[in-house]
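K.L.:
Quick one: structure below, then a few questions.
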Amino acid sequence: MKKGFSIMAVAMLTILNVGVASAQNDAAADADQGIHQILKEYFIKGGPEFMGIVLLCLILGLAICIERIIYLNMATTNNKKLLANVENALASGGVEAAKEVARNTKGPVASIFYQGLDRMDETVDNAEKAVVAYGGVQMGQLEKNVSWISLFIAIAPMLGFMGTVIGMIQAFSDIQAAGTMDASLIAGSIQVALLTTVFGLIVGIILQIFYNYIIAKIDSIVNDMEDSSISLIDLLVRYKK
């Protein structure tokens with residue numbers, strides 16, 4: 001997690017440095033300002049139409065990312081310890097004792113264990129089917145709302161590019177209206193156009209880093225779920241003999 005935040009910080013600083021270097025007339029003034037102030041000024045220059053929507057994508061995307069990270073961290077448990085506790089409970093107190101252990105443990109693996117143990121009165125095959133079925137349910141819970149993050153990752157740069165295209169159209173309209181190719185006439189429109197792209201890319205980079213972390217975390221939990229489910233079925237088979 002710390003590594004992801006470090007990469008995000010480096011990416012943001014790199015993009016900001018490029019933007020500051022391109023604004024030669026304001027370089028001296030920007031040197032005395034913090035990154036927050038620079039971002040604020042460039043955001044205002046970019047215009048509220050597209051910048052506001054890009055900012056909304058960032059806010060909603062980060063909200064979902066934070067919610068998923070908290071949920072996934074809470075879903076992470078010590079599965080080897082849980083399996084050992086269930087095995088000890090089966091040996092000492094039977095199925096009900098093992099179900100109590102699973103019931104009192106948080107996380108998707110414990111929920112899967114409980115569903116499998118709850119079918120122990122039937123057959124091991126029924127317990128295995130319950131484990132597989134409920135594993136799919138838990139996987140859906142882990143992946144909940146993750147598709148929205150990928151949507152915001154795609155939308156933010158596209159909105160930035162759209163703002164750039166509209167800004168360039170405005171710049172050429174100004175040239176046509178003036179009837180002359182004056183750089184000062186179109187500099188403002190081109191700057192606004194490029195700023196929307198920069199901020200769209202910043203939002204996309206930030207959300208992409210969080211998205212990759214979340215996907216990696218989900219894959220890790222799913223692998224643990226599969227390994228633990230196989231271990232549980234083996235344990236149940238030995239208990240039934």
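The values are calculated or read from the model by the stated rules, or taken from the named source; none is laboratory data. Everything numeric in this text was worked out from a predicted model, so none of it was measured. Quick reminder, even Gly has a Cβ in these numbers, built from the backbone with ideal geometry, and neighbours come from all protein chains shown. Note: areas computed on protein heavy atoms with side chains; ligands, DNA, RNA excluded. Shrake-Rupley method; radii C 1.70, N 1.55, O 1.52, S 1.80 Å.
K.L.:
Within the range 220-241, find all residues whose amide N lies under 16 Å from a label point positioned 7 Å from the Cα of Asp125 along Cα-to-beta-carbon.
P.N.:
Once the point is set 7 Å along Cα→Cβ of Asp125, 237 turn out to lie under 16 Å by backbone N, inside the range 220-241.
K.L.:
Roll a 1.4 angstrom probe over the protein heavy atoms and tell me the percent of accessible area of the range 91-212 that is carbon or sulfur.
P.N.:
61 percent
K.L.:
Quickly rank 140-147, 112-119 as a protection proxy: mean count of other C-beta atoms within 10 Å, highest first. Display every interim value, and only then the final one.
P.N.:
Working: 140-147: 13.0, 112-119: 23.4.
Most protected by this proxy first, the peptides run 112-119, 140-147.
K.L.:
While we're here: Work through the residues other than Leu207 whose Cβ is under 14 Å from its Cβ and net out their charges, Lys, Arg +1 and Asp, Glu -1.
P.N.:
0
K.L.:
How large is the translational diffusion coefficient of the range 88-241 in µm² per second when you combine the Kirkwood radius over alpha carbon pairs with Stokes-Einstein at 4 °C and 1.567 mPa s?
P.N.:
Taking Rh from Cα pairs, D becomes 65 µm²/s.
K.L.:
Treating the range 110-173 as a set of equal point scatterers at the Cα positions, no solvent, please give the Debye-formula log₁₀ I(q)/I(0) at q = 0.16, 0.28 Å⁻¹.
P.N.:
-0.66, -1.04
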